[in-house]
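K.L.:
Mind having a look at this structure? Questions to follow.
Every number in this text was worked out from the coordinates using simple rules, so none of it is lab data. No experiment lies behind these values; they were computed from the predicted model shown. Reconstructed Cβ throughout: ideal geometry from the backbone, glycine too, with neighbour counts over all protein chains shown.
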Amino acid sequence: MNNTKFNSSTLSELQQAVLAFRDERDWKQFHTLRHLIVSLNLEAAELLELTQWKRDEEVAALPQHAEGREALSDECADVLMYLLLVANEAGIDLGEAVRSKLIKNARKYPVEAARGVSTKYDRLPTEAVSVGIKTTHEARNIGINNSTDNDTDDTKETND
């Protein structure tokens with residue numbers, strides 16, 4: 001296979017490359033949503049296995065050595081490839097899903113309450129959680145472009 005097919009970097013291009021790889025081998029017949037989700041989790045477990053019985057310092061050192069970096073890279077790639085296949089099979093636009101989830105998470109974890117703490121959102125002070133993102137304008141201010149959200153009149157920016 002020509003390696004120039006794999007020079008893609010956007011999610012859509014990567015997804016198309018993974019689908020082409022699958023289709024060239026006639027593997028779609030094995031790729032039911034359930035099988036893909038199982039395979040995704042098996043690959044995630046292989047990524048996790050790289051950390052088994054290691055101290056935090058040993059895990060942090062993995063990317064500093066060629067062998068460890070390659071193992072991490074390979075397992076991350078396997079996880080991403082199966083995620084792209086799951087998303088394709090389920091009709092999910094991953095870019096849109098991530099943007100939407102970031103907005104949801106920003107509402108759950110407002111900066112004022114969540115900065116520097118690992119507390120789950122349902123245990124954060126309720127007054128802080130209630131000030132999370134409420135408008136698309138606020139989402140844009142934290143770098144989230146969610147073009148499918150419709151601004152209401154009170155959230156639209158004016159050029160006055």
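K.L.:
Relative to the present Cα-Cα distance, how much length would full extension add between D23 and W53 at 0.36 nm per residue of separation?
P.N.:
Working: separation 30, 0.36 × 30 = 10.80 nm, distance 3.82 nm.
So the chain would gain 7.0 nm between D23 and W53.
K.L.:
Any idea how far apart Y121 and L102 come out in nm if each label point goes 7 Å out from Cα toward Cβ?
P.N.:
1.6 nm
K.L.:
Mind running the shape call on the range 1-130? Use the C-alpha gyration tensor, a ≥ b ≥ c as the square roots of the eigenvalues: rounded below 1.5 for a/c, prolate if a/b tops b/c, oblate otherwise.
P.N.:
oblate
K.L.:
Let me ask something additional. At 7 Å along the Cα-to-beta-carbon direction for both R34 and L72, put a label point, then send me their distance in nm to one decimal.
P.N.:
A separation of 3.6 nm, rounded to one decimal place.
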